[in-house]
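Have a look at the structure below, then the notes.
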Amino acid sequence: MPAVRIHPMMPLSTHDEAAEQSFVVALKTFLATQFDPAVRRTTLGIAEQISAAGEKPTLQRLRKRLEGRQLYQNWISSLRAAQELMWQAAVDCVDRQRSELEALERSAPKLGSLHVDPGFEVPRYLAAGDVHMMPGGYYYDPPGDEHSVRQGAVFDKAASLYSLGRQGGQMNDMRGQTIVAHLYEIYPDLQPTRILEMGCTVGNSLVAVARNFPAAKCTGLDVGASLLRYARARAAHLGVALDFVQGSAEATGLPEASFDLVYSSAMLHETSHKALPRIMAECYRLLRPGGIMVHLEVPFRAEMADAYDLVRADFETRYNNEPFWMGATEADYVRLAREAGFIDIHAGFQDAALGPPSRDQVKGMFGQPNKGGYKSWYIASARKPRQ
Amino acid sequence: MNATVRPGKPPDHRYRLHRHRIKAPGVDPRVDTLMGMVMSLLSEVSVLRERLDAHERLGAAQQPVTPETVDDYVPDEAVQQARAAIRQRMIEKVCRPLLAADAKDHDGQDRST
């Protein structure tokens, strides 16, 4: 069995599965480095023509002209095919060893806890389509399969492929480290003892945050029981005690004023326009006075986008099943936080932290120009008034 | 494409296909289907090529060549690099016609309507 296992829950790959996964990574890299620039050239050329005609190159106008281009049609088809292949490679690998993974979940150290709600109703924005084209999405749990860790295993296996290993390798924890760097720089007085991550998926960010704040009791919230079952076992095998709760970020059901830090990591763009103010209000309710809210998002803002950025974002929105991608990158987080009652509000680009940050090396990482994917993240953070 | 496949739970269609796959305007659904099939086939060829590579290297080292020894073969860094080069060449070759559409789009003809 050729793969190196970074933690016991990570599905192992056979010789052929590793070859298949390497192929997916190579194909996605080819598309990103060869095909995306070609579509960029074509799109920017079309935008110039539109501007020359005295019109604004809006997404609608760009799309109308691109849809007739064979290059654009091929681009959409091949990106989708590569993404579907990626999930299939992860699904096949996980399904082959499903019973072993379930046994590993049962034998995981008794660290942390898991609370699932059989009556939980998944928000419509997640149930309507499988986000990222992942079969079953974040939430699917087959009825009667109370030991399933499948969605978590598929997500974890694919996550490093999805980002081509650029989000912290197989631990996939760069976003968690980046949030810690932000906290160290902007809220240096924060010494959290109770932390909540909304939309924690398999807990990859939460493990990183917990290790940086070892005195804190950390809770992860997400919509899928299978995802959380895997997350609890993954953390426990890594020696980290985390509590996981099934629920929605809009109404967690957790007690008010019960956390010093509430954060999310690339979750808001998976929600909706209506959900955003509700999530902000829920963060406010959950925080104790003086507590901190942090939301990390993709390094992209609609108001800064060129014509190609819009077309790329449109692909994510329409074809990669991220219906709120565009909406989230247009949202005014400063206003939303203010309206929810927060003060000391910050919003801007944060340099990515590649490993556990140290407090004396984080100065100036926030408020930087956007350096692009996996080098920067967009962060909105705020404090609940002390009184 | 595993040499050894163990029976598991029957596949659940919710696990095989994702929900909500919209038709892309301008994209011929038949071409879209073929694109998926060609990419999947290329993936299988790539896996087969690596399996053949393992056969050749085990044979050259006068090691036994069985389904199990091929499954257990771990490519070292040099072998991984050699395989990456072959993979890259295959992808560039098969995808070349897709990118050739870029040149067509720049031949001055307006295909935007």
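The values are calculated or read from the model by the stated rules, or taken from the named source; none is laboratory data. For clarity, every value in this text was computed on a predicted model and none was experimentally measured. As a convention, Cβ positions derive from the backbone with ideal geometry for all residues, glycine included, and neighbour counts pool all protein chains shown. To get the accessible areas, we keep the full protein, side chains included, count just its heavy atoms, and leave off ligands, DNA and RNA. Shrake-Rupley method; radii C 1.70, N 1.55, O 1.52, S 1.80 Å.
The table that follows gives values for the structure above.
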item: Other-chain or far-sequence residues with amide H under 5 Å of A:VAL245's (modelled H); result: A:HIS115, A:GLY220, A:LEU221, A:ASP222
item: Calculated FRET value between B:ALA85 and A:ARG386, using beta carbons and R₀ = 60 Å, to 0.05; result: 0.50
item: Accessible-area value, B:GLU68, 1.4 Å probe, nucleic acids and ligands omitted, Å²; result: 110 Å²
item: Largest-first ordering by accessible area, 1.4 Å probe, given options A:THR329, B:THR66; result: B:THR66, A:THR329
item: Accessible heavy-atom area order of A:HIS132, A:HIS237, B:HIS55, A:HIS7, highest first, probe of 1.4 Å; result: B:HIS55, A:HIS237, A:HIS132, A:HIS7
item: For B:TYR73, solvent-accessible area (1.4 Å; no DNA, RNA or ligand), Å²; result: 40 Å²
item: A:ASP332-B:VAL74 pseudo-label distance in nm [points 7 Å out on the Cα-to-Cβ vector]; result: 5.7 nm
item: Estimated FRET transfer efficiency when R0 is 51 angstrom, pair B:LYS93-A:HIS147 (beta carbons, to 0.05); result: 0.70
item: 10 Å Cβ neighbours from other chains, averaged over peptide B:23-35; result: 5
item: Cβ-derived FRET efficiency at R0 35 Å, A:SER99 paired with A:GLN368, nearest 0.05; result: 0.15
item: Cross-link reach list, lysines versus A:LYS375, counting only Cα pairs under 26 Å and skipping chain neighbours closer than eight places; result: A:LYS28, A:LYS157, A:LYS363
item: Average beta-carbon neighbours from other chains, 10 Å sphere, peptide B:36-44; result: 5
item: Local electrostatic count at A:ALA19 - Lys and Arg +1, Asp and Glu -1, tallied over other residues with Cβ under 13 Å; result: -4
item: Proximal lysines relative to B:LYS23, as straight alpha-carbon distance under 17 Å, when same-chain residues fewer than 8 apart are discounted; result: A:LYS64
item: Number of partner chain Cβ atoms within 10 Å, mean per residue of A:16-29; result: 6
